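Peer 1: Can you read through this structure? Questions will come right after.
The values are calculated or read from the model by the stated rules, or taken from the named source; none is laboratory data. Here the structure is a predicted model, which means the values were calculated and not measured. Cβ placement follows ideal geometry from the backbone for every residue including glycine, while neighbour counts extend to all protein chains displayed. For the accessible areas, the whole protein counts, side chains as well, though only heavy atoms, and no ligand, DNA or RNA atoms are used. Shrake-Rupley method; radii C 1.70, N 1.55, O 1.52, S 1.80 Å.
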Amino acid sequence: LQRASALAQLFFNSAHKALDQWQQQQRQQLPMPEGQTPKEAALWVKPLVQQFDHFAMELRFSAENHVKALAGKAPDDFRIVADAWWERAEPILTQLEKWLHPHLGDHLIDALATWFPHYPNRCLHWLRRICEAGTHTGLLFERLVVSAVIKILQRCLTEHRDLLASDKAFLKDFGTVLESILNTANAEALGMAASLDEFYR
């Protein structure tokens, strides 16, 4: 497991370096003459991005399988296995956050939604980080992504008012995520914000 983890980190570090260099080269190129179509990305870029997507998809499936398999387990047994999952997953989340293509962001948010009932603070923290990174990649302009984020925020309001009232970090993460989706002017997000007073009556 340690060797696999080290190889994954090596892959991500090399991939990020290569993608950054490729982006810099793209920016340095002269503007295309009118009527001429841009050249396709280098052949290695597409499979690299697909591999990022594969990591995100595996995280999502892994989260779903772990939560399902742990249902009914004793709290201590659940916590040991779940904590070990997070210990392995967070370094990958950190790497995916650096190149947050909209397709893989969808998988990451689904994974967080799966763990949310058991790790609300941790999941909201990561949701905030993903939303902040997603503002630069167009992630939050995906309708299904915004709907998934709104569902998590609504769960915060209905199931974790105590945390919103007592935990400043939780409240700050909630506010940042809400602000991120409101900045997209998405109708569903605006409707959710308009109804916030209903949750506090």
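Peer 1: Residues Lys39, Lys68, Lys73: which one is at pLDDT 80 or above, assigned to a loop (DSSP other than H, G, I, E, B), surrounded by fewer than 16 Cβ atoms within 10 Å (Cβ to Cβ) and not hydroxyl-bearing (Ser, Thr, Tyr)?
Peer 2: It is Lys73.
Peer 1: Something else now. Run Thr137 past the list (1) touching a residue at least 60 places away in the same chain (Cβ under 8 Å); (2) not in a helix (DSSP H, G or I) and report the number of the one that doesn't hold.
Peer 2: The one condition Thr137 does not meet is (1).
Peer 1: Within the set of pairs 6 or more residues apart or between chains, which connect a residue that is under 26 Å from Ile130 (Cβ atoms) inside segment 73-94 to a residue that is β-branched (Val, Ile, Thr) with Cβ atoms less than 9 Å apart?
Peer 2: Going by the 9 Å Cβ cut-off, the qualifying pairs are Ala82/Val67; Leu93/Ile130.
Each row is one residue, and each column tells you yes or no for (1) more than 13 Å from the chain's Cα centre (by Cα); (2) of a type in the set (Ser, Thr, Tyr).
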site	(1), (2)
His54	yes, no
Ala69	yes, no
Gly72	yes, no
Pro75	yes, no
His101	no, no
Asp106	no, no
Arg122	no, no
Leu127	no, no
Thr137	no, yes
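Peer 1: Ok, one more. What are the residues in segment 87-111 that are surrounded by 17 or more Cβ atoms within 10 Å (Cβ to Cβ) and over 19 Å from Ala148 (Cβ atoms), if any?
Peer 2: Ile92, Gln95, Trp99
Peer 1: Does Ile92 qualify as being touching a Phe, Trp or Tyr at 6+ places or on another chain (Cβ under 8 Å) and not in a loop (DSSP other than H, G, I, E, B)?
Peer 2: Spelling it out, Ile92 is indeed touching a Phe, Trp or Tyr at 6+ places or on another chain (Cβ under 8 Å) and not in a loop (DSSP other than H, G, I, E, B).
Peer 1: Given the condition closer than 25 Å to Ala82 by Cα and either surrounded by 13 or more Cβ atoms within 10 Å (Cβ to Cβ) or among the hydrophobic types (A, V, I, L, M, F, W, C) (or both), answer yes or no: does some residue in segment 179-200 qualify?
Peer 2: no
Peer 1: Residues to consider are Leu153, Leu144; find the one that is open to solvent by less than 10 Å² (accessible area, probe 1.4 Å), touching a residue at least 24 places away in the same chain (Cβ under 8 Å), part of a helix (DSSP H, G or I) and not aromatic (Phe, Trp, Tyr).
Peer 2: Sole residue among the options that is open to solvent by less than 10 Å² (accessible area, probe 1.4 Å), touching a residue at least 24 places away in the same chain (Cβ under 8 Å), part of a helix (DSSP H, G or I) and not aromatic (Phe, Trp, Tyr): Leu153.
Peer 1: Evaluate segment 116-135: report whether one residue or more is among the polar types (S, T, N, Q), touching a Pro at 6+ places or on another chain (Cβ under 7 Å), open to solvent by 30 Å² or more (accessible area, probe 1.4 Å) and at pLDDT below 95.
Peer 2: no
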